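Trainee: Sending over a structure as structure tokens; questions will come in a sec.
The values are calculated or read from the model by the stated rules, or taken from the named source; none is laboratory data. Predicted model, so just to flag it, every value in this text is computed and none were measured. For neighbour counting, all protein chains shown are included, and Cβ atoms are generated from backbone atoms with ideal geometry for every residue, glycine included. Just so you know, the surface numbers come from the protein's heavy atoms only, side chains and all, with ligands and any DNA or RNA stripped out. Shrake-Rupley method; radii C 1.70, N 1.55, O 1.52, S 1.80 Å.
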Amino acid sequence: MMSVGMAYIAGAFEHPTRKATDISVGRLHAECAAGALADAGLSRDDVDGFFCGGDAPGGLLAMVDYLGLKPRHIDSSDIGGSSYISLVGHAAQAIAAGKCNVALITLAGRPRTEAISGFGGPPSHPTRPWEPPVNARLVDLYALCARRHMHEFGTTSEQLAWIKVAASHHAQHNPHAMLQKVVTVEDVLQSPLISDPLHRLDCCVVSDGGGALIVTRPEIAMNLGRPLVKVRGAGEALKGQDGGAVDLTYSGAAFSGPAAFADAGVTPADIQYASIYDSFTITVLMQLEDLGFCEKGQGGRFVADGQLISGIGRLPVNTDGGGLCNNHPANRGGMTKVIEAVRQLRGEAHPAVQVKDCKLALAHGTGGWLGSRHGSATVILERE
Amino acid sequence: MQVDQALQQNHPEAMAFSAAAAEGRFMVPTCGDCGKAHWYPRAFCPFCFSFDVTWEAASGRGEIYSYCNGEPAPGTNVIAYVKLAEGPTVLTHILDADPAALRIGLPVKVVLQAAKDGQYFPAFTPS
């Protein structure tokens, strides 16, 4: 079922914490839920649909009980950090199908406090005998993509560095951002190699925190007195190793993007602001290509020379500073991608980075491991 | 070396690989219906979904599809995708490589490695 025009994002909240030593993950979920409900002008008891990732403490069973919700529709489909973007689409579809009226989506986590990292996975994971012995780190699965992209298309470390430079230009205006200092291409290239060809400043931050969204049906959204942000299109996809026919030159955005654009009936040229998942600089570059903002292989030229900086470049990207400079709560960046797109469409971004008369925005995420198995989710949002 | 019992119980189909590897043979799962080899190994063919899959002796030859240099220092932990002569591309290690000589397309040969859980996996070294 098409989700076009049937649902609106009525509430959005980003938790201000970046290190939550004295707050449990469950409480962070609750604080984010309360923040998004207050932003929408709704109360907890209005919620009849609940959505979270598979990482929420105790899953749906515990979270619904803990938060005191009475949902008639639930969904914890997990595709890593992109889950919260796909869940916006799921919520819009559930509302269009009459399954719920007020959907609450929450994310929270404390990887900085709890020092969580690693490849993970249960003992029954199908790759357990084959990949854990290789001991590839998360960053390695992105560095492999970067190296292949450089080989195929001549992409350079300098071009990748421009993605971080743009994020830092935005983050200087965000008082909550972990890294507020403007950096240069040289700063990125001179930072230590973490997994050659990726440097430390090609990598996102590790932060505690969270966020929440409220998605509602049109009749409710129109009575709340908040700017109307319509879920105009959504797409999702999974990409893996294809039985060994590995191709690292593209991501699942090549599928989720066109699906979302078709759903919305718009093209990449119509998008005025884009939140693009930035776990690493290479993630941004590949997604921009796969979403159709430029030709495959031209991503390096597209991002260079400040072209992603609001007010300067051709496509303002991640005006909150993104995962590269602002935050990356729970190691899952999808939620904050939607939140900043909502701010832009409402005209509530920082004045220094606000896109003038922003009517159409995109949020896209890559969850999991870009170089092995990942989820992709795209939403297109419109200000009415 | 004995493969960890929990791994044996969770992945019974993987054990034949280690048994052959312990004798120095590198086996790749291959489909009796469509003829394609695949990786990582499954008991069915990911291309045509046939369950007529057997372990076939592979050449152990391949070339680097992509690589990265990890910690603690460049060259000491090279993670790579290696495209096997038989077709599939494997997430793996490159051992004993001069970091300066690494390149995409570099010919490599298999080195069967026992992990700390006793399960063998294919690593590679420049050939």
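Trainee: If contacts are Cα pairs under 8 angstrom and at least 6 residues apart, what is the relative contact order of the stretch A:290-339 in percent?
Mentor: On the way: 28 pairs, mean separation 8.2, N = 50.
Averaging sequence separation for qualifying contacts and normalising by length gives 16 percent for the stretch A:290-339.
Trainee: Sticking with the crude label model, points 7 Å out along Cα→Cβ, report the distance from A:D305 to A:A245 in nm, one decimal please.
Mentor: Once both label points are built, they end up 3.9 nm from each other.
Trainee: Helix A:138-153 against the longest principal axis of chain A: what's the angle in degrees, Cα atoms only, rounded to the nearest 10?
Mentor: Its long axis makes an angle of about 60 degrees.
Trainee: I need the phi-derived Karplus couplings for the stretch A:294-304: 6.51 cos²θ - 1.76 cosθ + 1.60, θ = phi - 60°, integer Hz, Gly and Pro marked x.
Mentor: Here the 3J(HN,Hα) series is 8, 5, 4, x, 9, x, x, 5, 5, 8, 5 Hz.
Trainee: Please get the size of the charge dipole for chain B, origin at its Cα centre, with Cβ charges of +1 on Lys and Arg and -1 on Asp and Glu, quoted in debye to the nearest 20. Show your work: numbers first, answer last.
Mentor: Numbers: 8 positive and 12 negative charges, 46 e Å.
Charge dipole, chain B, about its Cα centre: 220 debye, nearest 20.
Trainee: Taking H as built 1.01 Å from N, whose amide H comes closer than 5 Å to the amide H of A:D278, not counting residues under 5 places away?
Mentor: Placed amide hydrogens put A:G323 under 5 Å from A:D278.
Trainee: For the pairing of chain A with chain B, what total accessible surface becomes buried, with a 1.4 angstrom probe, in square angstrom to the nearest 100? Walk me through the intermediate numbers first.
Mentor: Details: alone 14590 and 7370 Å², together 18990 Å².
Counting both chains, the buried surface is close to 3000 Å².
Trainee: Hey, can you grab everything whose amide H is under 5 Å from the amide H of B:S50? Only 5+ residues off in sequence or another chain; H modelled, so Pro and N-termini drop out.
Mentor: Result for B:S50 returns B:C45.
Trainee: Sticking with this structure for a sec: How long are the three semi-axes of the equivalent ellipsoid for the stretch A:1-119, computed from the Cα gyration tensor as the root of 5 times each eigenvalue, in whole Å, largest first?
Mentor: So the three semi-axes of the stretch A:1-119 are 24, 16, 13 Å.
Trainee: I've got another one for you. Over the stretch A:208-273, give the accessible area per residue in Å² for a 1.4 Å probe, as an integer.
Mentor: That works out to 34 Å² for each residue.
Trainee: Spelling out what I want: for every residue of the stretch A:248-259, take phi, set θ = phi - 60°, compute 6.51 cos²θ - 1.76 cosθ + 1.60 (Karplus), and round to whole Hz; glycine and proline get x.
Mentor: Running phi through 6.51 cos²θ - 1.76 cosθ + 1.60 with θ = phi - 60° gives 8, 7, 9, 10, x, 4, 5, 9, 5, x, x, 5 Hz.
Trainee: Report, as an integer, the average count of C-beta atoms from other chains found within 10 Å of each Cβ along B:78-87. It would help to have the intermediate numbers written out before the result.
Mentor: Numbers: counts 2, 11, 5, 9, 1, 3, 1, 0, 1, 3.
Counting Cβ atoms of other protein chains within 10 Å of each residue's Cβ and averaging gives 4.
Trainee: Note down the relative contact order for the stretch A:34-145 as a percent, whole number, built from C-alpha pairs under 8 angstrom at least six residues apart. Walk me through the numbers on the way to the answer.
Mentor: Details: 113 pairs, mean separation 28.2, N = 112.
Relative contact order for the stretch A:34-145 comes out at 25 percent.
Trainee: I would also like to ask the following. Which order do B:K116, A:K239 take when ranked by solvent-accessible area (1.4 Å probe, heavy atoms of all protein chains), largest first? Please report the intermediate quantities before stating the final value.
Mentor: Numbers: B:K116 205, A:K239 15 Å².
Sorted by accessible area, descending: B:K116, A:K239.
Trainee: Enumerate the calculated ³J(HN,Hα) couplings along the stretch A:345-354 in order (Karplus 6.51 cos²θ - 1.76 cosθ + 1.60, θ = phi - 60°), each rounded to whole Hz, writing x wherever the residue is Gly or Pro.
Mentor: 3J(HN,Hα) across the stretch A:345-354, in whole Hz: 5, 7, x, 10, 6, 4, x, 5, 10, 5.
Trainee: Dividing the Cα convex hull volume of the stretch A:185-250 by residue count, how many Å³ per residue is that? Walk me through the numbers before you get to the answer.
Mentor: Values: hull volume 15.2 nm³, N = 66.
Looking at the stretch A:185-250, the number lands at 230 Å³ per residue.
Trainee: In the calculated pair distance distribution of the stretch A:147-257, what percentage of Cα-Cα distances lie above 17 Å? Mind showing how you got there, number by number?
Mentor: Details: 4436 of 6105 pairs.
Roughly 73 percent, once rounded to a whole number.
Trainee: Could you work out the Kirkwood radius for the stretch A:15-78, taking every pair of different alpha carbons, averaging 1/r and inverting it, reported in Å?
Mentor: On the way: mean 1/r = 0.0803 Å⁻¹.
Its Kirkwood hydrodynamic radius stands at 12.4 Å.
Trainee: Dipole size in debye (nearest 20) for the protein assembly as shown around its Cα centre, Lys and Arg Cβ +1, Asp and Glu Cβ -1? Intermediate values should be presented prior to the final figure.
Mentor: Numbers: 40 positive and 50 negative charges, 101 e Å.
For this selection, approximately 480 debye.
Trainee: Taking the convex hull of the alpha carbon atoms in the stretch B:1-105, what volume per residue do you get, in Å³? Spell out each step's value before the answer.
Mentor: Numbers: hull volume 13.3 nm³, N = 105.
Hull volume normalised by residue count: 127 Å³.
Trainee: Stick to Cα atoms and the Kirkwood definition of Rh, then tell me Rg/Rh for the protein assembly as shown. List each step's numbers first, then the result.
Mentor: Working: Rg = 23.2 Å, Rh = 23.5 Å.
With Rh from the inverse mean 1/r over Cα pairs, Rg/Rh is 0.99.
Trainee: Taking all protein chains as present, what is the carbon and sulfur share of the accessible area of the stretch A:1-103, in % to the nearest whole number, probe 1.4 Å?
Mentor: 56
Trainee: About the Cα centre of the stretch A:103-173, what is the dipole size in debye to 20, counting +1 per Lys and Arg Cβ and -1 per Asp and Glu Cβ, all else neutral?
Mentor: On the way: 7 positive and 5 negative charges, 28 e Å.
Roughly 140 debye, rounded to the nearest 20.
Trainee: Where in the stretch A:274-369 are there GluC sites (Glu not before Pro) that are in a DSSP coil and have at most 11 other Cβ atoms within 10 angstrom of their Cβ? Write out the running numbers ahead of the final one.
Mentor: Values: sites: A:E289, A:E295, A:E340, A:E348; in loops: A:E295, A:E348.
Passing both the DSSP loop test and the Cβ count: A:E295.
Trainee: Another question about this same structure. What FRET efficiency would be calculated for the residue pair B:A100, A:E186, taking the C-beta separation as r and a Förster radius of 25 Å, to the nearest 0.05? Spell out each step's value before the answer.
Mentor: On the way: r = 24 Å, r/R0 = 0.95.
With a Förster radius of 25 Å, E is 0.55.
Trainee: Let me know the Kirkwood hydrodynamic radius for the stretch A:234-307, please, with Cα pairs as the basis and the value in Å to one decimal. Provide the component values of the computation, followed by the final result.
Mentor: Numbers: mean 1/r = 0.0765 Å⁻¹.
With all distinct Cα pairs of the stretch A:234-307 included, I get 13.1 Å.
Trainee: I'd like the trypsin sites (Lys or Arg not before Pro) in the stretch A:328-384 restricted to DSSP loop residues with at most 10 other Cβ atoms within 10 Å, sorted by number. Working shown, then result.
Mentor: Numbers: sites: A:R332, A:K337, A:R343, A:R346, A:K356, A:K359, A:R373, A:R383; in loops: A:R332, A:K356, A:K359, A:R373.
Qualifying residues, ordered by number: A:K356.
Trainee: Let me ask another. Find the relative contact order for chain B and round it to a whole percent, using C-alpha pairs within less than 8 Å whose residues are 6+ positions apart. Provide the component values of the computation, followed by the final result.
Mentor: Working: 252 pairs, mean separation 28.6, N = 127.
Dividing the mean separation by the residue count of chain B yields 22 percent.
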